[in-house]
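Heads up, the thing below is written out as structure tokens.
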Amino acid sequence: MTISVVLFDLDDTLFDHRRSVELGITAHRISLGGDLADADPTVEFARWNGLEEHHYHRYLSGELEFLGQRRERAKDFVAPYGIELDDDEADAWFATYLLEYERTWQLHDDVLPCLEALTPARFGIVTNGDLEFQQSKMRATGLLDRVEYVIASGAIGVAKPDPAIFRHACEVFGVEPEAACYVGDRLRTDAVGAASAGLLGVWLDRPGVATPDELTDASAAGVPVIRSLAELPPLLAS
């Protein structure tokens with residue numbers, strides 16, 4: 001069956017989330033001064049990323065609200081420096097970081113050429129996150145007008161890699177899973193999750209860090225691996 005609907009993950013697939021996080025947390029640390037400003041930027045970026053992974057998954061599992069996971073990230077980040085934040089202070093701390101993060105929002109360079117090459121296919125986003133916040137990124141980068149639907153776990157109560165969220169997306173578009181493709185930067189959460197729902201799952205391994213075991217798992221799941229979105233149009237045309 002021909003692929004007529006191409007679905008994408010948002011963060012680090014289309015939207016350059018990692019770059020914005022790195023620039024945002026660095027600028028925020030420097031603005032705070034003191035020991036935080038003088039800390040090793042590589043170490044602190046890695047630590048912030050780790051806290052995002054940990055607390056965001058707590059949000060996806062229902063343990064924390066969306067704003068609650070932000071609050072916990074802020075508290076845990078400054079704790080090693082002997083700083084204790086109450087809830088209001090943590091909210092303010094994160095809000096200030098968010099301003100720096102938002103200043104650098106952009107799409108990856110290969111996104112718009114890929115969409116142009118895939119036209120007249122229909123496009124959508126399936127993302128684990130808060131619908132309003134994810135749409136704000138898309139609106140700021142001009143992506144929102146290029147997709148038909150945005151399916152966010154925060155709005156429907158089901159998160160990737162649950163096959164239900166991918167099947168829901170196909171229902172929204174009115175197509176069978178076999179007529180849809182899903183592209184994401186995480187092998188199991190994105191590509192294998194989509195493949196288990198009957199879609200063509202594609203793993204976008206931008207940094208080229210796939211291990212032999214991951215490549216074996218991708219092959220077993222029928223998941224193609226690409227390094228750039230420039231590889232997607234010829235893949236879907238083959």
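Listed by Cβ neighbour count within 10 Å, with the fewest neighbours leading, His54, His168 appear as His54, His168.
Note the angle between two axes, namely the Cα long axis of helix 66-78 and the longest principal axis of the Cα atoms of the chain, as a number of degrees from 0 to 90, rounded to the nearest 10. Result, in degrees: 50. Shown for Ser238, Ser20: other C-beta atoms within 10 Å of each C-beta, ranked fewest to most, produce the order Ser238, Ser20. In the chain, the calculated helix contribution to ellipticity at 222 nm averages -15500 deg cm²/dmol per residue, counting -39,500 (n - 2.57) for every DSSP H run with n ≥ 4.
Comparing mean-square fluctuations of Gly184, Gly174, Gly24 from a GNM of the chain with C-alpha springs under 10 Å, the top value falls on Gly174.
Taking the Cα centroid of the stretch 197-211 and of the stretch 9-35, what is the distance between the two, rounded to the nearest whole Å? The two parts, judged by their Cα centres, are 24 Å apart. With neighbour counts taken as other beta-carbon atoms within 10 Å, the residues Leu23, Leu107 rank, fewest first, as Leu23, Leu107.
Taking K and R as +1 and D and E as -1, what net charge do the other residues with C-beta under 14 Å from the C-beta of Arg167 add up to? Within the 14 Å Cβ shell, the charges total -3.
Since every read-out is calculated from the coordinates, none of them should be taken as a lab result. The structure presented is a predicted model; accordingly, all values stated were derived computationally and were not measured. Please note: Cβ atoms are built from the backbone with ideal geometry, for glycine as well, and neighbour counts cover all protein chains shown.
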